[in-house]
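Peer 1: Handing you this structure, nothing more for now.
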Amino acid sequence: MARVTVLGSGVMATALAFPLSDNGHEVRLVGTHLDREIIDSIQETGVHPNLDLKVPEGVRAYQLEEAEEAFESAEVAMSGVNSFGVHWAGERLASLLRPGMMVIAVTKGLEAAENGDLRILPDVLADEVPEDIKDQVSWSAIVGPSIAGEVAVRHETCVVFTGLDAEVLEDLARLFRTGYYHVWTDTDFVGCEVCAAIKNCYAFGAGFMEGLLDREGKSEDRYRRYNYGAALFGQATRELGRWMELMGGEPETPYGLAGVGDMFVTSMGGRNVKAGRFVGAGEPFSEVQNGRMKGVTLEGVAAIRVVGETLPKLAERGLVAHEDFPLMRHLYEIVAHDEPVDMPWSTFFGGER
């Protein structure tokens, strides 16, 4: 039996307690300062209020001030915060990690340096930890198509554990694997993490398909806009491949679970798709963000801003061409400048001809 302590008690971090518990491992959930009501609910009723499910027997919930106790003697530390909290999580883990621990993250996103260089969030998380500890723990992440609620109700799910140490990845995979939670391992850390972040951007665009039908008053019509959605998915896939070239990932990574697999499930629904639907219906993004979806965490939109702002800098350095990533550039114009949806079709797939 292993002891796994999770920093953050959101839906995904908590859902992963199910396969771990099914395998007989001890799971300790530590809430952030934003999770107090979640931890109170689990402690009092056993129910995670956002999942609307009872957590497995044996899962223990701790408030943030009890984190030191929760991390005592843990072999695995999981970072379960969202992308907006990654620096905070690293600062907390700095005093909680011990040599030999295996750290695994579920956070998805990218961070940009002033010159436009992009970094994966596990690296950002690790950089908050002092060197003497940072170098004595392993750093890994979970990517791939995984809706938290489906994991928690034990629906078949296939994911990828990624990191630089193949042996550590296999050790972690053995802890999590069940008859319904299937784990592959991949040492293309950068490639897998870039796919995990970028697909959220394109999922925002996936919402346009239904939004256009709403704007046209055709939401109930027999004929949908699947042709439109398929073309966006195809261009997004092409751009994922180009991101691999730029970031140094393996060429095949975008075409598996970490890439198109994850992009498919993310495009089927969720907050980013919902925001995209409103925009597709004709609402300026700023009004969506400050109105209908005020206070809602939109990690895909955050990634669009980060990536969109870096592209001109990378172009100035000669690392990308100005015609590269036309879909991403349009998503950025929509998010940053309230441009209406107007797909630059002739620039897709290498240029219409």
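The values are calculated or read from the model by the stated rules, or taken from the named source; none is laboratory data. Everything numeric here is computed off the predicted structure, so don't read it as measured data. With ideal geometry, Cβ positions are generated from the backbone for all residues, glycine too; neighbour counts draw on all protein chains shown.
Peer 1: Name the one entry in Leu298, Leu327 that is in contact with a helix residue (DSSP H, G or I) (Cβ under 9 Å, 6 or more places away or on another chain), hydrophobic (A, V, I, L, M, F, W, C) and either within 19 Å of Gln235 (Cα to Cα) or not assigned by TED's automatic domain parsing to the domain that holds Ser219 (or both).
Peer 2: Checking each option against the conditions leaves just Leu327.
Peer 1: Report the residue count in the stretch 331-346 for those that are without any contact (Cβ under 8 Å) to a residue 60 or more places away in the chain and either outside the structural domain of Leu232 (by TED's automatic domain parsing) or not in a loop (DSSP other than H, G, I, E, B) (or both).
Peer 2: 6
Peer 1: Follow-up question, since we're still on this one. I need the full set of residues from the stretch 270-309 which are of a type outside the set (D, E, K, R) and part of a loop (DSSP other than H, G, I, E, B), in order please.
Peer 2: Gly270, Ala281, Gly282, Pro284, Met293, Gly295, Val296, Thr297, Leu298
Peer 1: Can you name every residue in the stretch 39-53 that is aliphatic (A, V, I, L, M) and either under 21 Å from the mean Cα position of the chain (by Cα) or closer than 16 Å to Ile104 by Cβ (or both)?
Peer 2: Correct list: Leu51 only.
Peer 1: Just wondering, is there one or more residues in the stretch 53-64 that are out of contact with any Pro (no Cβ under 6 Å at 6 or more places or on another chain), among the small types (Gly, Ala, Ser) and part of a strand (DSSP E or B)?
Peer 2: yes
Peer 1: Working only within the stretch 98-108, note down all residues that are surrounded by fewer than 24 Cβ atoms within 10 Å (Cβ to Cβ) and of a type in the set (Gly, Ala, Ser).
Peer 2: Across the stretch 98-108, the qualifying residue is only Gly100.
Peer 1: Now, a different point. Which one is surrounded by the fewest Cβ atoms within 10 Å (Cβ to Cβ) among residues in the stretch 252-308 that are charged (D, E, K, R) and under 21 Å from Ser83 (Cα atoms)?
Peer 2: Lys294
Peer 1: If a residue has to be of a type in the set (A, V, I, L, M, F, W, C), within 19 Å of the chain's Cα centre (by Cα) and not in a helix (DSSP H, G or I) to count, how many in the stretch 6-33 make the cut?
Peer 2: 3
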